[in-house]
Amino acid sequence: MVQLVGPLRKELSDSVSSCRTLVVGAGGIGCELLKNLVLTGFKNIEVIDLDTIDVSNLNRQFLFQKKHVGKSKAQVAKDSVLRFCPSANITAYHDSIMNPDYNVEFFRKFQLVMNALDNRAARNHVNRMCLAADIPLIESGTAGYLGQVTVIKKGVTECYECQPKPTQKTFPGCTIRNTPSEPIHCIVWAKYLFNQLFGEEDADQEVSPDTADPEAAWNPEETAARATASDQDGDIKRVSTKEWARSTGYDAVKLFNKLFKDDIMYLLTMDKLWKKRKAPVPLDWSDMQQLVSSQDEGCVTGLKDQQVLSVGGYSQLFQRSVETLRAQLANKGDGAELVWDKDDPPAMDFVTAAANLRMHIFSMNMKSRFDVKSMAGNIIPAIATTNAVIAGLIVLEALKILNADIQQCRTIFLNKQPNPRKKLLVPCALDRPNPNCYVCASKPEVTVKLDVHKTTVQALQDKILKEKFGMVAPDVQIEDGKGTILISSEEGETEANNSKLLSDFGIRNGSRLQSDDFLQDYTLLVNVLHCEEMPKDVEFEVIGDAPEKAPPSSAPEEEKSITNGNKDSAQPSTSSKAVAEDDDVLIVDSDEEPSSSTTDVSMETCSLKRKLQDTDVEEAASKRKRLVQQPTDDDDDIIALD
């Protein structure tokens, strides 16, 4: 049994009890963290979470019970934690941390901020607020059996955005619409289809065959005669998908034949697409009922969500889900829209059925509902034990900060398997701030390559400043000597500019735009690099987005001898140097080494020690070097998914 924290010294105990702490997120990590905080002696806690409790949370978020489903996570977590420590002073907010009410002055009330979040946008925002308020932030995340904890302090360590994170995977529209080759392509298509039929239509989420596919290079006039789609209702018509579906009364059979027969037959006329690919095989509703198997009738034992139905079974599921969603839409009234939610059974049934039917058409192995849900919701199964370990490590790092011992703080990785030294937890030294960081540098500055004759003000605001650079409410001024206001966060002030091109305002190669976000107390200078030959489907590029860093110093021959599994290791931090120290490592099968509370070694001594202990350094550095090469499906290096 590993003891994480012993009795605290009186000075530290007093600091803990008086410390005002903000916990952002009350999900998997948040529940464990709140419990740990009150049991450690933290008395003044504020917790914020926008989510409500779902049934799927109950297997690991132990502060919630079935009776709490539908209620605020933050409020119920507060009430449950007070049963552990009734004397604690806890304030709960059922709200988004990105609400302007939670400004820099709000953050300055706290001595510590702890993130237990599940998305990058909120992480970026809290990172910037803590930098602006100069408050230590403890960042954390889990992904299955993997976990990570790190400390961020302005001017002392790297911030959350000092190194670029892997971007979320996107796929060319023609691949989704014409030539899917992986199950994820079909799942993305099915989610797009849900929005086109029942949700908010988006021109970028079209699901019909893409006749502009450059690979096809076909002549519609020549191939139209070969199209065998009939002229009856349900055929391809050049109207919006939703408009056509409404005209049929959301008839499931007509929808089926359009999507899985007529559209596929239309694709087959684009014959150049299939010269080096296996051509898709259309489905016809009239043939489906003969393909229903005993498994589809529920005659097979096992977990229902993990069974793969026959193509006939998925056709029936498609029909049932369409009918259910049609009724939901009708109940909401004219002009209503549905929002896709992985935890909404009819919506999940629809995406599962549509995706699998398309997989079958394009000769892919079909997937279970569980697998489709995992990919559609970017879900990695949450492990309660992982959350518990990470929450404990957060508190340990918090104690170091309150003990004025931030130099002893570490980034700590929780791995799936013990490394060669039989350790699951591997600490790494915190890196210094990246001088090229566009967030925490003294004068943040970036260069963006775009075509000023094609990029609109709206695109600059939404896709570049908000989506790429994480601003919430940007104000943009052109540095043209006149102080021209391009974008204002005040409603209505510059809306007339949105549809105009950047060139309409005299913006050209070398122009500089000052972008301010007053909520985040953040200013970014954007240098415009005009380019008229941008790659296809690329609106802009950030130049120098990934600052160069020196590679880890590890010998290649030693790297080959390291056997710690590539696939089972946590994603590395941005640190270029790994510290194989004893003081922050918890031993799984031994308690021989001293804990951080009893180790009194200076950073200089540790540094010298690491130089002498080549094996340890090479082990950790090599491990980190290999990990960088690891492909990942996550948005972040570590993503909290609860």
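The values are calculated or read from the model by the stated rules, or taken from the named source; none is laboratory data. Treat the numbers as computed from the prediction; the structure is a model and nothing was measured. With ideal geometry, Cβ positions are generated from the backbone for all residues, glycine too; neighbour counts draw on all protein chains shown. Only protein heavy atoms, including side chains, enter the accessible area calculation; ligands, DNA and RNA are left aside. Shrake-Rupley method; radii C 1.70, N 1.55, O 1.52, S 1.80 Å.
Could you order His530, His453, His125, His68 so the one with the most accessible surface comes first? Probe is 1.4 Å. Mind showing how you got there, number by number?
Numbers: His530 50, His453 100, His125 0, His68 25 Å².
Accessible-area ranking of His530, His453, His125, His68, largest first: His453, His530, His68, His125.
Once neighbouring chains are kept in place and the probe is 1.4 Å, which whole percent of the accessible area of segment 352-402 is contributed by carbon and sulfur? Don't jump to the answer; show the numbers that get you there.
Numbers: 840 of 1490 Å².
So the carbon and sulfur contribution to the accessible surface is 56 percent.
Counting only Cα, what are the radius of gyration and maximum Cα-Cα distance Dmax of segment 494-547, in Å?
Values for segment 494-547 (Cα only, Rg and Dmax): 13.4, 37 Å.
Given a Förster distance of 56 angstrom, what is the FRET efficiency for Ser181 paired with Ala404, based on the Cβ-Cβ distance and rounded to 0.05?
Result of the calculation: an efficiency of 0.50.
Number of Lys pairs in segment 410-514 with C-alpha atoms less than 24 angstrom apart, excluding same-chain neighbours closer than eight positions?
Qualifying lysine pairs in segment 410-514: 18.
Evaluate E = 1/(1 + (r/R0)^6) for Asn331 and Glu479, where r is the Cβ-Cβ distance and R0 equals 45 Å; express this FRET efficiency to the nearest 0.05.
For R0 = 45 Å, the calculated efficiency reads 0.25.
I need the per residue convex hull volume for segment 408-500, using only the alpha carbons, in cubic angstrom as a whole number.
So the per-residue Cα hull volume is 193 Å³.
Tell me the accessible surface of Val55 in square angstrom (1.4 angstrom probe, heavy atoms of protein chains only), to the nearest ten.
90 Å²
Normalised radius of gyration for segment 359-471, please: alpha carbon Rg relative to 2.2 N^0.38 Å, two decimal places.
On the way: Rg = 22.2 Å, N = 113, 2.2 N^0.38 = 13.3 Å.
Normalised Cα radius of gyration, segment 359-471: 1.67.
Pulled fully out, how much extra length does the chain show between Lys454 and Arg320, if you take 0.36 nm times their separation in residues and subtract their Cα-Cα distance?
Here the segment from Lys454 to Arg320 would lengthen by 43.8 nm.
Over segment 372-495, calculate the relative contact order: mean separation of alpha carbon pairs under 8 Å at least 6 apart, over the residue count, as a percent.
Relative contact order of segment 372-495: 9 percent.
Place the peptides 458-464, 305-311 in order of packing, highest mean first, counting for every residue the other Cβ atoms within 10 Å and averaging per peptide.
In descending order of packing, they fall as 458-464, 305-311.
How charged is the neighbourhood of Glu46? Take every other residue with its Cβ under 10 Å from the Cβ of Glu46, and add Lys/Arg as +1 and Asp/Glu as -1. Don't skip to the end; give the middle numbers.
Values: positive: Arg20, Lys78, Lys109; negative: none.
So the surrounding residues net to +3.
Return an integer: the convex hull volume of the alpha-carbon atoms of segment 299-433, in Å³ per residue.
Hull volume over Cα atoms, normalised by residue count, gives 256 Å³.
Set the Förster distance to 56 Å, then compute FRET efficiency between Leu501 and Thr385 from the Cβ-Cβ distance, nearest 0.05. It would help to have the intermediate numbers written out before the result.
Values: r = 54 Å, r/R0 = 0.96.
So, using R0 = 56 Å, E works out to roughly 0.55.
Round to a whole angstrom and tell me the spacing of the C-alpha centers of segment 1-65 and segment 434-449.
Taking the Cα centre of segment 434-449 as reference, the centre of segment 1-65 is 34 Å away.
Could you work out the relative contact order of segment 1-86? I mean the mean sequence separation of Cα pairs under 8 Å and 6+ apart, divided by the number of residues, in percent.
Averaging sequence separation for qualifying contacts and normalising by length gives 29 percent for segment 1-86.
In nm, to one decimal, how far is the Gln65 label point from the Glu243 one, both placed 7 Å along Cα→Cβ?
Result for the modelled spin labels: 5.4 nm.
Return the carbon/sulfur percentage of the accessible area of segment 1-108, one whole number, probe 1.4 Å, all protein chains in place.
50 percent
On the Cα set of segment 70-119, report Rg and Dmax in Å, please.
Expressed in Å, the Cα Rg and Dmax of segment 70-119 come to 12.5, 32.
So with the 1.4 Å probe, I'd like the accessible area per residue for segment 327-411, rounded to whole Å².
38 Å²
Just list whichever of Lys71/Lys342; Lys191/Lys342; Lys258/Lys536; Lys191/Lys278; Lys304/Lys367 have alpha carbons separated by over 22 Å in the model shown.
Lys258/Lys536; Lys191/Lys278, as the Cα separations exceed 22 Å there.
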